[in-house]
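All of the numbers you see were taken from the coordinates with simple rules; none came from a lab. Given the structure is predicted, the values throughout are model-derived calculations rather than measurements. Note that we place each Cβ from the backbone using ideal geometry, even for glycine, and neighbour counts take in every protein chain shown.
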Amino acid sequence: MTAMTKAAVEVSAPAEAVPYSALDTVFFVVGGISAVWLTSLLVQLSFQWGWAQVWFLFIFWGLLAYLVLPRLHRILTRLYVPDYFIGRARTSDGLLGDPVNVALLGTEPQIHAVMHSAGWTLADDVTLASSRRIVSSTLLRRSYLQAPVSPLFLFGRQQDFAYQQEVDGTPGKRHHVRFWRCPPGWLLPGGLTVDWLAAGTYDRSVGLSLFTLQITHKIDEHTDAERDHVVGAITGADPAAGLRVIRDFSTGYHARNGGGDTIITDGDLPIVDLRRTAERAAAVRPPGDRPPSDSRNRRPATTIVGAVFVGARAAAAALLAMSMVLFRDAHVSSLVQPAAGPGITEAQAEMAVTGATAVVLVLAFGYVLLAWFVFLGQNWARTVVMAFSTVAIGLQAFDVFHGGPDITLQSNLPGLALDILLLLALSSKRSRDYALRPRKEPKRDSSRPGGQAPF
């Protein structure tokens, strides 16, 4: 087996990867189809909203850009995008992303030390707070030195961390570079060993993605210039850093990244050696004093959103139970009279409402537990919730397509939308990876290259 073949095999089936189960595949596909159905329903309902159609355009764009197109891309790219190292990162939608254009030898503290010395800033993780801040900073042209960068994936996981340099006092323009720790024993095509791979690009503006219509940063097409800027900053910050360039590591090409931006590269790969900077690096702590971690252990927004939606179901059930207690007579007709007729006794009515209230309270408590376990990243809870939502969506679809009542905003649309959004959130790759993450962190061995422990 050649070195290149060996490298391809190791990346296509990394140690931490877990194949999609049949259930996960079903949930993933049903989520995509349901998102298309929800969008079509909103298109039909929009013609009944009059002047509200203006607001519908924003709702339609949001669903199309952030739910429908990403899910369709994810389904299709699982079929035709190679799942082995080809010198490109991948977006969360599965599209080919930025070129991987820098390799490094050394430990994570050494990278933090040299990047800090070079004047770069460690980027925040993507959270609701950091996302809100980068939007406001970009619109108001305010500085945000730690602005987060969007997740890109290599070796089946998000970047371990990223650094950036802000330009013109606004996060709309910036140099930035993402870093991934290589799996133990992994070799570059050609048989070379490195500890880290990185992708450096320059954000020139903010615009819409060509492929998903999402709001995103647009990168400069001359990615080699940014690669050289990153390498120059590192080697200039510490003379002990060594440099070797592999000419024509990959074929030079013109292409587009996951946002639809043109990228041009000559295919050269610089390898930066930081191993001689170990003594000085030990005295420098990374900005924010953030410990190194596997990106799969960071709770993704999709898991949080899924837990919130399940919690919303618990709240709705609790409110229904409260309504049964406070307005008992209003519920008697729907609970008892259709079966027993109007001549029911007071005791029968009391028993029916009490029993129904108890069932609803148990259901509410069950949803609370499910929401908590989904938040914790328990895969069994994620699976149970997705199964409930899939069944609910299927029953609604069966009812509608067999002459049942139409989906309306006043009746069943909110519940259907909640089930579809819940399924989309928890069937996403980020939520799945978090639920299937290793439960115990192996002890880190500082003697290993990059300070990494076996995955």
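Quick notes on this one:
- Each peptide in 381-389, 261-269, 97-105 was scored by the mean count of other Cβ atoms within 10 Å over its residues; highest first, the order is 97-105, 381-389, 261-269.
- Simple spin-label estimate for residue 245 and residue 358 in nanometres, 7 Å along Cα-Cβ: 7.9
- Among 251, 190, 222 - extreme Cα towards positive end, dipole of the range 85-294, charges at beta-carbon: 222
- A straight line joining the Cα centroids of the range 130-164 and the range 74-111 runs 17 Å.
- Estimated from the Cβ-Cβ distance and a Förster radius of 41 angstrom, the FRET efficiency linking residue 299 and residue 268 is about 0.60.
- Counting charges near residue 105 (Lys, Arg +1; Asp, Glu -1) among other residues having Cβ under 11 Å from its Cβ returns a value of +1.
- FRET E, pair residue 66, residue 402, Förster distance 25 Å, beta-carbon r, rounded to 0.05: 0.20
- About its Cα centre, the dipole of the range 85-294 is roughly 360 debye, where the only charges are +1 on Lys and Arg Cβ and -1 on Asp and Glu Cβ.
- On the beta carbon distance between residue 225 and residue 143, with R0 = 25 Å, the FRET formula returns roughly 0.60.
- Spatial extent of the range 85-294: Rg and Dmax, with the Cα atoms as the point set, Å: 16.2, 48
- Per principal axis, descending, Cα span of the range 151-205 in whole Å: 41, 20, 14
- Packing-based ranking of 251-260, 305-314, 106-115 yields 106-115, 305-314, 251-260, ordered from highest to lowest mean Cβ neighbour count within 10 Å.
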